[in-house]
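What follows is a short report on a single structure.
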Amino acid sequence: MALVTFTPLLCVEGKINGCEYLVAYARIQHQVNSQEQAKLQFITTLFTCVVLTVAFMIFSSDTEVIVIIPIKKVVEIIQTLAENPLKRPV
């Protein structure tokens, strides 16, 4: 809850006599706004997790195709040449 005070400008400036100490108080409850903000932050966190998961899966797939498979092929060729240098590599 928040405490809000209000004093009319005419009273502050002294244009009206006798209301220098007039203050109106109000309490505003922020619980609904806080709950809504928490829900939106939770949804944002879930969305970020989904985006990162999808990006990781795509990146790992690309890494497999672009880097790992060619390296495995080179290692197989080197092993074939090490076992029998006269045999043609596949």
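The computed P(r) over Cα pairs in 10 Å bins from 0, in percent for the structure shown corresponds, within (i) 13, 15, 12, 12, 11, 9, 8, 7, 6, 5, 2, 0; (ii) 17, 48, 26, 8, 0; (iii) 16, 37, 28, 16, 4, 0, to (i). Springs join every pair of Cα atoms under 10 Å in this Gaussian network model of the chain, and among Leu40, Leu22, Leu52 the largest mean-square fluctuation is at Leu22. The magnitude of the dipole of the chain, with charges of +1 and -1 set on the Cβ of Lys/Arg and Asp/Glu and taken from the Cα centre, is near 280 debye.
Only lysines eight or more places from Lys87 in sequence, or on another chain, were considered; those with a Cα closer than 28 Å are Lys72, Lys73. Of the trypsin sites (Lys or Arg not before Pro) in region 1-65, the ones in a loop by DSSP (not H, G, I, E or B) with at most 16 other beta carbons within 10 Å are Lys15. Quick check: the angle from helix 69-83's long axis to the longest principal axis of the chain, C-alpha only, nearest 10 degrees? It works out to around 30 degrees.
Using DSSP to call loops (not H, G, I, E or B), can you name the chymotrypsin sites (Phe, Trp or Tyr not before Pro) in the chain whose Cβ has at most 16 other Cβ atoms within 10 angstrom? Here the chymotrypsin sites (Phe, Trp or Tyr not before Pro) that fit, given the DSSP loop and packing criteria, are Tyr21. Here the Gaussian network model covers the chain, with springs between Cα atoms less than 10 Å apart; of Ala26, Ala55, Ala38, Ala26 fluctuates the most.
Entry note, the chain: relative contact order of 19 percent, from Cα contacts under 8 Å with a spacing of 6+ residues.
For region 44-60, 3J(HN,Hα) computed residue by residue from phi via the Karplus equation (6.51, -1.76, 1.60; θ = phi - 60°) reads 4, 5, 4, 4, 4, 4, 5, 4, 5, 5, 5, 4, 5, 5, 5, 5, 5 Hz, glycine and proline entered as x. With unit charges on the beta carbon (Lys/Arg positive, Asp/Glu negative), name the residue among Phe56, Cys19, Ala82 whose Cα is farthest towards the positive pole of the charge dipole of the chain. Of Phe56, Cys19, Ala82, it is Ala82.
Please compute the length gained on full extension between Thr44 and Lys87, using 0.36 nm multiplied by the number of residues separating them and subtracting their Cα-Cα distance.
9.7 nm
Over all other residues within a Cβ to Cβ distance under 13 Å of Pro70, the charged ones net out to -1, with Lys and Arg as +1 and Asp and Glu as -1.
Every read-out reported here was derived from the displayed coordinates using simple, explicitly stated rules and does not represent laboratory data. All figures in this text were calculated on a predicted structure; none of them were measured in a lab. With ideal geometry, Cβ positions are generated from the backbone for all residues, glycine too; neighbour counts draw on all protein chains shown.
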